[in-house]
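The values are calculated or read from the model by the stated rules, or taken from the named source; none is laboratory data. These figures come from a predicted structure and were not determined experimentally. Reconstructed Cβ throughout: ideal geometry from the backbone, glycine too, with neighbour counts over all protein chains shown. Surface accessibility is based on the protein's heavy atoms, side chains included, excluding ligands, DNA and RNA. Shrake-Rupley method; radii C 1.70, N 1.55, O 1.52, S 1.80 Å.
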Amino acid sequence: MLKKIRITLSLILFTLLTLYFLDFREILPAQLSFLAEIQLIPALLALNIVILVSLAGLTLLFGRVYCSSICPMGVYQDIVAWFSKRFHRKKKYRYSEAKSILRWSVLAGTVISFIFGFTFLLGLLDPYGAYGRIATHLFRPAYLAGNNLLEAIFTTFNNFTFYKVSIYTLSLFSVITALLTLLVIGYLAWRNGRTWCNTICPVGTTLGLLSKYSLFRIRFVDEKCNMCGLCAMKCKASCIDSKSKQIDHSRCVTCFNCIESCNRNAMKYTLKRPSRKKGADVAPAYTYLNEKKPVDASKRRFLSASLITGLAAGKLIAQEIISDELLPRKEFKRQLPVAPPGTPSFDHLREKCISCHLCVSKCPSHVIKPAFLEYGLGGMMQPKLYFDHGFCNYDCTICGEVCPTGAILPLTKEVKNHTQMGQVQLIIENCIVYYDETSCGACSEHCPTQAVRMVPYKGHLTIPEIEPKICVGCGGCEYVCPAIPYKAIYVEGLSTQNTIEIEHDEVEDIVIDDFGF
């Protein structure tokens, strides 16, 4: 019964969290963001005392149920291990000594690097953040491709339930990192169950320390146990030493596989240690059957995903098409990245963000992508804005609402409208009004604050003029600028976001007493 309850709860939480990352139609309620907020590292970075106390109390009461049911990476490993058992029905786990030096070294290294401002390691090893990247960069494109396939099928029958969406490769580095994480952790789970949780994962090591003192724990019932070793064969955490009837509770993830497999009801999940009878300490003689290490005869091959390079190729072709006789253009290079709205500063982002990329998945305009080295080594894979496929909606505040760590603070629409993420920059030599004497004005039309406006130029032509101090950095001008191969207008990032004052012209109320004409 305990195992069935665990499996049911784990699958529900895992499925809902995964769908929350994949949901691009906003079908699921926004309240499901709590599934990200109850994760340990996000709660720690957000200083969510209620969640932290709840998780600590839960572990001290029942053991590592967080690792068993709440952590999405733990459930992913269980799914892989389940498939492994389907391929190798005679597969057996075996007890192994705890890799204490490795576990505590990784945890110490993660903590020290975080203290000194190198948060990349924490984001890389955090199980929730790692699974978020897998869901965003691997599962989500497949999910969108499936949606597009259904759209193609349904529209042939004049059914428009589905609509086509664009699929982009947002960051090559993040895709490779997510793929390697998926394969490495999946391989370890395929071979030995929860190896990752009990050797590398800093969350598992931390909660393992607390679970050693949990009130409820799995125990042997000595008078019923005949030391057959079946419990150790089913333990995916490799923490049961059936020879000495000892369980390493710092590694036990309370999966209850051992209880389910015991035919003699010799293992219990209890509050108090069962009373021992005199002479019960003497273990009866026994012999083990010779066990052979299971051999993985079917070596698994993994296909590497081909990477899209069309954008770069298109840029090169565009450069070749432009004639040398035209006026020279200037290529702009953004000196600072544009951080999402609600990020007070780059330092704040580096300290709080674990690169789970939930903001990347939920952004309706698809303008948030993972950075590479724009924020420095410690800020790799943290979110930045780019305006190749859209711009930041003037009233949108979703990224701050879904961020579980407080790296992106929630904003009201009023505050968002006065938050300056970046400042507009103009390269007049690239403007088509300047070099082609063609009427345009697209940048001004898309500016919500009139930081870009058109002024008289030649004859009937008007040309852009900018006022950076009232620019909010939404990127609307950069996105719509038709100049190729280099944009004539772009947004330069700010290391610290500002609050701006926008003056609005007063509109005089006109009262019409009679018929208008």
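Please verify whether LEU215 is crowded, with 17+ Cβ neighbours inside 10 Å and touching a residue at least 40 places away in the same chain (Cβ under 8 Å), treating the condition exactly as stated.
In short, no.
Since ALA189 meets every condition but one in (1) open to solvent by 20 Å² or more (accessible area, probe 1.4 Å); (2) not in a loop (DSSP other than H, G, I, E, B), which condition does it not meet?
Exception for ALA189: condition (1).
For the stretch 125-156, give me each residue that is open to solvent by less than 10 Å² (accessible area, probe 1.4 Å) and of a type in the set (Phe, Trp, Tyr).
Listed by number, the residues that qualify are TYR128, TYR131.
Only one of (1) surrounded by fewer than 17 Cβ atoms within 10 Å (Cβ to Cβ); (2) not in a loop (DSSP other than H, G, I, E, B) fails for LYS90. Which number is that?
LYS90 satisfies all of (1) surrounded by fewer than 17 Cβ atoms within 10 Å (Cβ to Cβ); (2) not in a loop (DSSP other than H, G, I, E, B) except (2).
Part of a loop (DSSP other than H, G, I, E, B) and either without any contact (Cβ under 8 Å) to a residue 40 or more places away in the chain or within 22 Å of CYS359 (Cα to Cα) (or both), is that true of LYS164?
yes
Name every residue in the stretch 105-119 that is in a helix (DSSP H, G or I) and open to solvent by less than 50 Å² (accessible area, probe 1.4 Å), in order of residue number.
The answer is VAL106, LEU107, ALA108, GLY109, THR110, SER113.
Hey, LEU182 hits all of (1) over 15 Å from VAL253 (Cβ atoms); (2) over 21 Å from the mean Cα position of the chain (by Cα); (3) crowded, with 19+ Cβ neighbours inside 10 Å but one; which does it fall short on?
Checking LEU182 against (1) over 15 Å from VAL253 (Cβ atoms); (2) over 21 Å from the mean Cα position of the chain (by Cα); (3) crowded, with 19+ Cβ neighbours inside 10 Å, the one that fails is (2).
Here is a list: PRO404, PRO410. Which entry is of a type outside the set (Lys, Arg), closer than 27 Å to SER171 by Cα and surrounded by fewer than 17 Cβ atoms within 10 Å (Cβ to Cβ)? Lay out the reasoning, then the answer.
Details: PRO404 fails: surrounded by fewer than 17 Cβ atoms within 10 Å (Cβ to Cβ).
Exactly one of PRO404, PRO410 is of a type outside the set (Lys, Arg), closer than 27 Å to SER171 by Cα and surrounded by fewer than 17 Cβ atoms within 10 Å (Cβ to Cβ), namely PRO410.
Name the pairs: first residue in the stretch 331-349 and over 17 Å from LYS369 (Cβ atoms), second residue of a type in the set (Asp, Glu) and surrounded by fewer than 23 Cβ atoms within 10 Å (Cβ to Cβ), Cβ to Cβ under 8 Å, at least 6 apart or on different chains?
Cβ pairs passing all conditions: GLN335/GLU492.
Of the residues ALA43, ALA36, ALA30, ALA56, which is farther than 22 Å from ARG133 by Cβ and either buried (at least 22 other Cβ atoms within 10 Å of the Cβ) or touching a helix residue (DSSP H, G or I) at 6+ places or on another chain (Cβ under 9 Å) (or both)? Before you say what the answer is, go through the steps one by one.
Values: ALA43 fails: farther than 22 Å from ARG133 by Cβ; ALA36 fails: farther than 22 Å from ARG133 by Cβ; ALA30 fails: farther than 22 Å from ARG133 by Cβ.
Only one candidate passes the filter, namely ALA56.
I'd like to verify a number: residues in the stretch 401-418 that are under 19 Å from TYR479 (Cβ atoms) and under 25 Å from the mean Cα position of the chain (by Cα), how many? Lay out the reasoning, then the answer.
Taking the stretch 401-418 as the starting set, the residues that turn out to be under 19 Å from TYR479 (Cβ atoms) are 416-417.
Filter once more, so that each one left must be under 25 Å from the mean Cα position of the chain (by Cα): 416.
Residues that pass the stated criteria total 1.
Residues that are closer than 24 Å to CYS356 by Cβ: list the helices (runs of 4 or more DSSP H) wholly contained in the stretch 391-494 that include at least 1 such residues.
Because the criterion is at least 1 residues that are closer than 24 Å to CYS356 by Cβ, the helices (runs of 4 or more DSSP H) in the stretch 391-494 that meet it are 398-402, 413-417.
What are the residues in the stretch 348-390 that are assigned to a helix (DSSP H, G or I) and open to solvent by 30 Å² or more (accessible area, probe 1.4 Å), if any?
Hits for the stretch 348-390 are HIS348, ARG350, GLU351, LYS352, LEU377.
Looking at the stretch 223-265, which of its residues are touching a Lys or Arg at 6+ places or on another chain (Cβ under 6 Å) and more than 15 Å from LEU2 (Cβ to Cβ)?
Across the stretch 223-265, the qualifying residues are LYS224, MET233, LYS236, ALA237, CYS239, HIS249, SER250, ARG264.
Look through ILE500, ILE489 and report the one residue that is under 34 Å from the mean Cα position of the chain (by Cα) and surrounded by fewer than 19 Cβ atoms within 10 Å (Cβ to Cβ).
Answer to the check: ILE500.
Listed here are the residues, each with its yes/no results for (1) part of a loop (DSSP other than H, G, I, E, B); (2) exposed (fewer than 12 other Cβ atoms within 10 Å of the Cβ); (3) at pLDDT below 90.
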| position | (1), (2), (3) |
| --- | --- |
| CYS231 | no, no, no |
| GLU260 | no, no, yes |
| ASN265 | yes, yes, yes |
| TYR269 | no, no, no |
| ALA280 | yes, yes, yes |
| LEU289 | yes, yes, yes |
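If we keep just the residues of the stretch 234-246 that are within 34 Å of the chain's Cα centre (by Cα) and not in a loop (DSSP other than H, G, I, E, B), which is nearest to ILE218 (Cα to Cα)?
ILE240
Only one of (1) surrounded by fewer than 18 Cβ atoms within 10 Å (Cβ to Cβ); (2) assigned to a helix (DSSP H, G or I) is not met by LEU122, so which one is it?
With (1) surrounded by fewer than 18 Cβ atoms within 10 Å (Cβ to Cβ); (2) assigned to a helix (DSSP H, G or I) applied to LEU122, the lone miss is (1).
Starting from residues that are closer than 17 Å to SER68 by Cα and not aliphatic (A, V, I, L, M), keep the ones in the stretch 10-27 and report whichever is most open to solvent (accessible area, probe 1.4 Å).
Going through the qualifying residues, I end up with THR15.
THR205 fails exactly one of the following numbered conditions: (1) within 23 Å of LEU358 (Cα to Cα); (2) buried (at least 17 other Cβ atoms within 10 Å of the Cβ). What is the number of that condition?
Single failed check for THR205: (1).
Any residue in the stretch 417-445 that's under 12 Å from CYS471 (Cα atoms) and free of Cβ contacts under 8 Å to residues at least 40 places away in the same chain: show its pairings with residues that are of a type in the set (A, V, I, L, M, F, W, C) and surrounded by fewer than 20 Cβ atoms within 10 Å (Cβ to Cβ) at Cβ separation under 9 Å, as long as the two are six or more apart or on different chains.
The qualifying pairs are SER444/MET454.
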